[in-house]
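The values are calculated or read from the model by the stated rules, or taken from the named source; none is laboratory data. On a predicted model such as this, the values are computed, not experimentally measured, just so you know. Neighbour counts are summed over all protein chains in view; Cβ atoms, including those assigned to glycine, are modelled from backbone coordinates with ideal geometry.
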Amino acid sequence: MWNTFDRIRPHLEEQYRNWEPNPETGLSPEELEKLADRCFESHRGEPLILTKAAIFELILTKARIGVDPADWFADHLQSGNVMNKYQGLRKAEGYRKLPSDCEDASSLYPETGTGYAALDLSHTSPDWKSVLELGPTGLRDRALHAQKSAETEEQRIFYTAVAVIFDAMRKFIERLAEEAERVGAERVSGTLRAIAHRPPETFQEALQLSLLYDTCQELEGEPVRSQGLFDRLFLPFYRHDLQNGILTRDQAKELLKFFWTKFYAQGHPNGKNFGFGGLEFPGNDTTNELTELGFEVYRELNTINPKLTFRVSKKTPDFILRRVAECIQAGITGFVFANEETAREMFRKRGKEPRDIYDFIFVGCYEPAIMGREISCTMAGTYNLLKPVELLFHNGNDPRTGAAVGLPCPLPRNSQELEAAYFRQLTHQLTRIMERGKLYEKIWPEVNPSPLLSGTMPECIRKGRDISDSGTKYNTSGIMCAGIGSAADALAAVEYLVFERNLCSMTELKNALDNNWNGYETLRLEALNHAPKWGISDPSADAIARRITEHTANLINHTPNTRGGTFQMGLWSIDQDRTLGSKTGATPDGRLSGAPLSRNTGSTTGMDRRGITALMNSVMKLDHSEFPDGSVLDIMLHPSAVSGKEGPDIITSLIRTFFAGGGLAIQFNILSAEDLKQAQKEPEKYSNLQVRVCGWNNRFILLSPEEQALFIAKAEAGE
C-alpha cells in the first residue's frame, strides 16, 4: 500500500496522456457537447451566470470520469472542450459591443511591439481558507444562507449560481467515490465520500479536496495560478494525522509526492505556484515542520512543476533558507523568493489593511495579491518601455508597420528634450492602453462570470456579487512593463553618443538605426562598449532607470480602473522580452532590430559586465514598493561559483543582501555555457537539466533553438 511512488512514478507522470475512461461512467465528449448545446439554447435570455452554472453542472454530472487504483488521489474528468466553447462564444459577443476603434487600435498595438490591453482572466487564486474550512457542501450552504438576506434580484441570482455550482462539485466527488469503489480503489473512496459531505479532516482529505477544487476552477475557465500558502494551510491536517497515528512523516511525504506529480503530469505551461513561509499576524514567522517536509519532497522529485514561492523575512530562520539554497545549488531552481518587508510596504501604500497583508501570495509568476480578497488581473495590460525611444526617432510612427501609435515629435535637440519626448510618448501609449483596459473590464460580467471562484470569496458572498462585478475586497488591474534595462541603456546611449561625446548627430543616429547599424559598425561598438549601461552600477544609467520607473509608476498607480480599484505597475517581462523585442527595431544602445529586450529587472544580455553585485546595486536603486504588480531579478551563476559547502551560503547571502536593499523578488539559474552547448549535442544525457525560463521552469532540451541560444549567451556573458 505504501512505498509505491518510485516504482510507479513513470506511470503517474503519464497518467493524463494514457488515460482511457470507462464509457459506462458518462457521455462521450461529442454526446456531452450536443447536450450542452441544448442546455445553452434553453437558457438563452437568462443571466449568463445561471447559464454557466447549468453547463458546469451538466459536465460534472454527465462527463466520463476515471479513478486509478494505484493512485492516492482521484480527479480524472473527460470534459472535452465544452466549457471553453461557450466562453469563446460569449467573449466574441462581448467584444462586438466594444467601440470599433477600440478593437482596431488594440489589435494594432501587439503588431507594433508597443503593448496591448486585455481582459485578464488567467491570474487568479480562490480563498483556499474557505475551500478547506467549508468544503463544497459548506460553500453551497453558505451561499444558500446568504440568499435568505438577498435584497436584489441580482444577488439572488448570484447566490443561486454559487449554490448550483458547488452542489455540482459535490455530485462530481460522489461520482468519483462510486467509481473508486467499483475499481477497488479503497485508498481513495473513503476520502472522497468524506469530503463530498463535510470539510476535510486529514492530510489526504485536504490534498484531495484542493486537487478537485483546482480541477473544477480550471473547468470553469479561470486558471488557478496560486495554490495558496501550503505550509500554513495544510499544517493543521498534517499535525492532526501525526498526533492521531493516521500518518507517519514518511507517509505524508509519499502523499505529497503523489499530489505534486498530479500537477506535473497535467503539463500546465506556466506551472502551479505553491507558497511557503512568511509572517502571520501579529508578525510571527510561519516556517514549520511542513515547510521543511515540502522542500525535502521538492528536492527529491526534481520536476519543473509545481513551482514554489518562498516568502523571506528578517525573521526567517537561516537554516531553512539554506535548505532552499541547497536546492538551488543542485540546479533545482523552481523557486522565486519574495521579500516580506518590501511587500508589506508595497501593499500598505496601495491601501491594503494591515491584517490582510499577512495572507499575500504570488499569483502566477511573481505578481503579489491578497489571497481570498483580491482579483488582481495582473496582465490587464502589457507595455514595452523601449518602444518610446524608437518612436521619438520616427515622429511617433512605428517604422516597421507605419502605424501612428505615438505622438508626432521632432528629433530632440538636447538631453532635456530627449527625456521629455520619451515621457510624452510613454504617457500617451500607456494612457491609451489603460483606457482600453477599462472598456474590457466593463464587459467582463457579460463574458465570464465565475460563480465557483466567487463562491470561495467571503466578500463576494457578503456583497452578493461576482468577481467580474467587483465582488472582492480589492479589485486591481496590472500593467506589465517590460525592458527597463533596454530603455535605460537606449536613452543613456543617445546622451553619450550625441550630446556628451558628439560622435554623431540625431539624424546620423537615426540613419544608423534605420539601417540596423549596417555601415555604422564603429558607432555601434562605441554604443555597446562605452555608453553607460544598466546593471553595472553606473550612476547615469541607474538614474535614468529610476526616472523612468518613477514616472511610469506615478502614472499607472494613480489611474482608477472601472472596478473600484486602480491600475498597478509591474516591472517584469516574463517571456515577452522576446515577443516585444521581435517587433522593435534597432535602438541606440547597439541592440539590433528584433533582438530581445532586457528581461525582468535585469540588464541587457551581455551588458552586466561587472558581476552580480553591480547588477544588484543597480536594481536596488529602484523603489520596488512602487511596483505593486510585481518585480523580479534573475540571477545566473556558474556552478563553480556556488560549489562546495560554501555554495548555499553564497546564495543565501545574495538573497539577504538584495532584500536588505529593498528588492521584491529574486530567482536563480545555475548554468554553464559548456553544459548547455553539450546538452544541445547530446540531449538524451541532459534530460533533467532545468532552466528558470522566467516565471516558470522548463527542461533545457525542450526549449526552442532561439531560447536555448539566449540562455547560452547569458551564461557566456557571466563566465
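One table, with the values for the structure above:
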{"read-out": "In the range 204-233, the residues that are among the aromatic types (F, W, Y) and closer than 18 Å to L192 by Cβ", "value": "Y213"}
{"read-out": "Contacts under 6 angstrom Cβ, first residue in the range 24-48 being under 15 Å from L89 (Cβ atoms), partner modelled with pLDDT of 95 or more and small (G, A, S), 6 or more apart", "value": "C39/A54; H43/A54"}
{"read-out": "Residues located in the range 514-531, provided they are in a helix (DSSP H, G or I), touching a residue at least 40 places away in the same chain (Cβ under 8 Å) and aliphatic (A, V, I, L, M)", "value": "L525, A527, L528"}
{"read-out": "Unique residue being among the aliphatic types (A, V, I, L, M), buried (at least 22 other Cβ atoms within 10 Å of the Cβ) and modelled with pLDDT under 95 when the list is A117, A53", "value": "A117"}
{"read-out": "Hits in the range 262-290 - residues which are among the hydroxyl-bearing types (S, T, Y) and either at positive phi or crowded, with 23+ Cβ neighbours inside 10 Å (or both)", "value": "T287"}
{"read-out": "Strands (runs of 3 or more DSSP E) completely within the range 645-719 that count 1 or more residues being more than 21 Å from the chain's Cα centre (by Cα) and crowded, with 17+ Cβ neighbours inside 10 Å", "value": "665-670"}
{"read-out": "Among the residues listed as G590, G606, the single one being more than 20 Å from L664 (Cα to Cα) and surrounded by fewer than 19 Cβ atoms within 10 Å (Cβ to Cβ)", "value": "G606"}
{"read-out": "Single residue of K315, K262, K272 found to be in contact with a strand residue (DSSP E or B) (Cβ under 6 Å, 6 or more places away or on another chain) and of a type outside the set (A, V, I, L, M, F, W, C)", "value": "K315"}
{"read-out": "Residues that are closer than 26 Å to L637 by Cα, hydrophobic (A, V, I, L, M, F, W, C) and surrounded by 20 or more Cβ atoms within 10 Å (Cβ to Cβ), drawn from the range 323-358", "value": "V324, A325, C327, I328, I332, F335, V336, F337, A338, A343"}
{"read-out": "In the range 301-322, residue farthest from D6 (Cα to Cα) [restricted to those that are surrounded by fewer than 21 Cβ atoms within 10 Å (Cβ to Cβ), charged (D, E, K, R) and in contact (Cβ under 8 Å) with a residue 60 or more places away in the chain]", "value": "D318"}
{"read-out": "For C377: the one exception among (1) crowded, with 22+ Cβ neighbours inside 10 Å; (2) free of Cβ contacts under 8 Å to residues at least 24 places away in the same chain", "value": "(2)"}
{"read-out": "Selection status of G278, more than 21 Å from F203 (Cα to Cα), in contact with a helix residue (DSSP H, G or I) (Cβ under 8 Å, 6 or more places away or on another chain) and not hydroxyl-bearing (S, T, Y)", "value": "yes"}
{"read-out": "Close pairs from the range 274-288: first closer than 9 Å to S313 by Cα, partner surrounded by fewer than 17 Cβ atoms within 10 Å (Cβ to Cβ), Cβ under 8 Å, at least 6 apart", "value": "L279/K315; D285/K315; D285/P317"}
{"read-out": "Pair list, Cβ under 7 Å, 6 or more apart: the range 175-191 residue within 14 Å of T202 (Cβ to Cβ) and in the same structural domain as P21 (by TED's automatic domain parsing), other residue of a type in the set (A, V, I, L, M, F, W, C) and assigned to a loop (DSSP other than H, G, I, E, B)", "value": "R187/M1; R187/W72; V188/V67; V188/W72; V188/F73; V188/A74"}
{"read-out": "Residue in the range 377-395 that is farther than 30 Å from T507 by Cα and among the acidic types (D, E) present", "value": "no"}
{"read-out": "Of the criteria (1) outside any helix (DSSP H, G or I); (2) in contact with a Pro (Cβ under 8 Å, 6 or more places away or on another chain); (3) within 20 Å of A665 (Cα to Cα), which one W534 fails", "value": "(2)"}
{"read-out": "When residues of the range 67-114 are limited to those that are modelled with pLDDT of 80 or more and aromatic (F, W, Y), the one surrounded by the most Cβ atoms within 10 Å (Cβ to Cβ)", "value": "W72"}
{"read-out": "Selected residue [more than 23 Å from T472 (Cα to Cα) and either assigned by TED's automatic domain parsing to the domain that holds G585 or at pLDDT 95 or above (or both)] from G396, G381, G372", "value": "G396"}
{"read-out": "Qualifying residue in the range 480-497 (condition: over 17 Å from V389 (Cβ atoms) and buried (at least 21 other Cβ atoms within 10 Å of the Cβ))", "value": "yes"}
{"read-out": "Yes/no for V389 being of a type in the set (V, I, T), touching a helix residue (DSSP H, G or I) at 6+ places or on another chain (Cβ under 6 Å), part of a helix (DSSP H, G or I) and farther than 30 Å from S149 by Cβ", "value": "yes"}
{"read-out": "All positions within the range 448-463 that are out of contact with any Ser or Thr (no Cβ under 7 Å at 6 or more places or on another chain) and buried (at least 23 other Cβ atoms within 10 Å of the Cβ)", "value": "P451, L452, S454, G455, I461"}
{"read-out": "Residue match in the range 439-461 (condition: small (G, A, S), over 22 Å from Y159 (Cα atoms) and in contact (Cβ under 8 Å) with a residue 12 or more places away in the chain)", "value": "no"}
{"read-out": "Residue that is farthest from W696 (Cα to Cα) [pool: residues in the range 635-644 that are in contact with a Gly (Cβ under 9 Å, 6 or more places away or on another chain) and surrounded by fewer than 21 Cβ atoms within 10 Å (Cβ to Cβ)]", "value": "A641"}
{"read-out": "Any chance D514 is surrounded by fewer than 21 Cβ atoms within 10 Å (Cβ to Cβ) and over 30 Å from D356 (Cα atoms)", "value": "yes"}
{"read-out": "Lone unmet requirement of (1) under 30 Å from K257 (Cβ atoms); (2) over 28 Å from the mean Cα position of the chain (by Cα); (3) in a helix (DSSP H, G or I) for A70", "value": "(3)"}
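Residue-wise test of (1) closer than 19 Å to V693 by Cβ; (2) modelled with pLDDT under 95.
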site: T559; (1), (2): no, no
site: A586; (1), (2): no, no
site: M607; (1), (2): no, yes
site: G611; (1), (2): no, yes
site: S618; (1), (2): no, no
site: L622; (1), (2): no, no
site: G630; (1), (2): yes, no
site: S653; (1), (2): no, no
site: F659; (1), (2): no, no
